[in-house]
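J.: Structure in structure tokens, see below.
The values are calculated or read from the model by the stated rules, or taken from the named source; none is laboratory data. Everything numeric here is computed off the predicted structure, so don't read it as measured data. Every residue, glycine as well, gets a Cβ built from its backbone with ideal geometry; the counts of neighbours run over all protein chains shown. Each accessible area value is taken on the protein alone, full model and side chains, heavy atoms only, with ligands, DNA and RNA left out. Shrake-Rupley method; radii C 1.70, N 1.55, O 1.52, S 1.80 Å.
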Amino acid sequence: SEKEKLEKLRDDIEAISHDIITLLEHRARMVKQIGEVKKTLSLTPYDPAREQLLLERLQNRSTLPPQQIEDVFTVIFGSSVNMQAA
């Protein structure tokens, strides 16, 4: 039935969301390591050129609209900078 189909799709979305959280946690651990290296090199946490390069690479590799990629990763990048600055 359509109701069962909807429930299955929602279950799949929940599983994907869990995977996204797992990947974000892994990314956060790496971001903290990068922050430690940057501190030893006396570099600032925010690197706008690197951020722009990564954003362009992500947009070029995705079929999603570029603005959607930018919206999501602007939040991720901001969080990363905050973690490195802490």
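J.: Yes or no: R50 among the basic types (K, R), within 10 Å of the chain's Cα centre (by Cα) and in a helix (DSSP H, G or I)?
T.: When the stated conditions are applied, R50 does not pass them.
J.: Ok, one more. If you check every pair at least six apart or on different chains, which have Cβ atoms under 7 Å apart with a residue in the range 66-81 that is open to solvent by less than 80 Å² (accessible area, probe 1.4 Å) first and a residue that is outside any helix (DSSP H, G or I) second?
T.: Short answer, once both residue conditions are applied: I69/S62; V81/P45; V81/Y46.
J.: Go through the range 38-65 and report how many residues are open to solvent by 80 Å² or more (accessible area, probe 1.4 Å) and either in contact (Cβ under 8 Å) with a residue 40 or more places away in the chain or not small (G, A, S) (or both).
T.: So the answer is 14.
J.: Moving to a separate point now. Looking at I21, I34, which one is in a helix (DSSP H, G or I) and either of a type in the set (K, R) or out of contact with any helix residue (DSSP H, G or I) (no Cβ under 8 Å at 6 or more places or on another chain) (or both)?
T.: Step by step, each of I21, I34 is checked, and only I21 is in a helix (DSSP H, G or I) and either of a type in the set (K, R) or out of contact with any helix residue (DSSP H, G or I) (no Cβ under 8 Å at 6 or more places or on another chain) (or both).
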